[in-house]
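Working notes for the structure below.
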């Protein structure tokens, strides 16, 4: 176990910074348990890619990235058990090597498994990644270890818990046989793709829409399972498409000073980079996951019940296209879909859900990016739920109205962590936690 002292913790886009006294780097469960038991307050982090202030802010921190081993395979049950600090890319490559897949993959592969689970990361299958977790070992505030499987009544609370109930040590995933996805991409007018959402969800194994604000256009991506031997005529589009992020960064460079530039930039980007049809095939990982980011971003993401989405979309579109509008939005707004589940803090708890991302290409000036405020205001108005790992300002009063199990989760958190060991200032405010005074006898 390594320990580094007296420094500043900085998130990947440099928008979050916290002083700390010590960082522990652990590689075994016993080291992890010891560190947790011996510190009064502690948080833990992986790739630092969350836009929400959940990973640091305590004097003691745990760097989970060295806690990254594959523990075991169960070939009969088709499960894999890993340490929670493993990076998604390493997990997926290990799974593919034995002919398996986890059907739910997020857009990027650089996040740790523990962080992905804790924040409710979702993706290709219409489920949250945590829905494929069949067992985990959870280290509690007192250093004890609780094994939680899919039949344990705590599983629904633990799946998405922002690290407030304990620290995930090892995680077991249920895998499925690997399959090949036939992916088609094309631009469509908003009037065309919006009414087709429900029918396309029934027709395709995978649906994603990149909405291009201020252009009346969405870029529709569908995926269908096919036989691995089936031949298709692949079309990756013009070679210059790979420069989209670089061009976007240039066009948006001064949009924080002159927001109206965004509308012009979007039309250029849409015409240049989202105007062609594409077609390809590959494994789920190969075909749908971004292998790198061209630059740092600041991200927000909101979710809404599927039946409410058309109304919310039209209201948002009307708002940002007004002459008086200050909320010009960078391309793209990523629209994805999650089916109803039972995880307490899931965006899809009790309802089929649409997720809608909002990105600022200028991470350093995100505080002045009016789009974040406008999107949150409209989604909150209609009962929307925020993505836990991304930027939002809603707190306990708003969250208690949209998460039916919010109060039950808070009660469980107080029971498992009575001294608030796992709360930093951001999380303390988020759950409106009571201040705990340690009395000296």
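Only the coordinates and a few stated rules stand behind these numbers; no lab work does. Predicted model, so just to flag it, every value in this text is computed and none were measured. For neighbour counting, all protein chains shown are included, and Cβ atoms are generated from backbone atoms with ideal geometry for every residue, glycine included.
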Item to check | Sequence-separation-based contact order of the chain, relative, with Cα cut under 8 Å and 6+ spacing, percent | outcome: 17 percent
Checklist entry - Hey, in the GNM for the chain with a 10 angstrom Cα cutoff, which one of 341, 307, 74 fluctuates hardest? => result 74
Checklist outcome for this item: Helix 370-381 sits off the longest principal axis of the Cα atoms of the chain, rounded to the nearest 10 on a 0 to 90 degree scale, by 80 degrees
Item to check | Most mobile of 361, 245, 77 in a GNM of the chain (Cα contacts under 10 Å) | outcome: 77
Next on the checklist: At 222 nm, what value in deg cm²/dmol follows for the chain if DSSP H runs of at least 4 each add -39500 (n - 2.57) and the sum is divided by all its residues, to the nearest 500?
Outcome noted: -7000 deg cm²/dmol
Checklist entry - Which of these values of semi-axes √(5λ) of the Cα gyration tensor in Å was calculated from the structure shown: [x] 35, 26, 21; [y] 50, 24, 21; [z] 44, 26, 19? => result [x]
Checklist entry - Sorted by average packing, counted as other Cβ atoms within 10 angstrom per residue and highest first, what order do 154-160, 112-118, 366-372 take? => result 112-118, 154-160, 366-372
Checklist entry - How far is helix 406-416 tilted, in degrees, relative to the longest principal axis of the Cα atoms in the chain, given as a value from 0 to 90 rounded to the nearest 10? => result 30 degrees
Next on the checklist: Explain nothing, just the number: relative contact order of the range 66-177, from Cα pairs under 8 Å at least 6 residues apart, as a whole percent.
Outcome noted: 30 percent
Checklist outcome for this item: Helix 261-273: inclination vs the chain longest Cα principal axis, degrees, rounded to 10, gives 70 degrees
Next on the checklist: Connecting C-alpha atoms closer than 10 Å in a GNM of the chain, tell me which of 351, 174, 314 has the biggest fluctuation.
Outcome noted: 314
Item to check | DSSP beta bridge pairing in the range 2-64, given as percent antiparallel to the nearest 5 | outcome: 50 percent
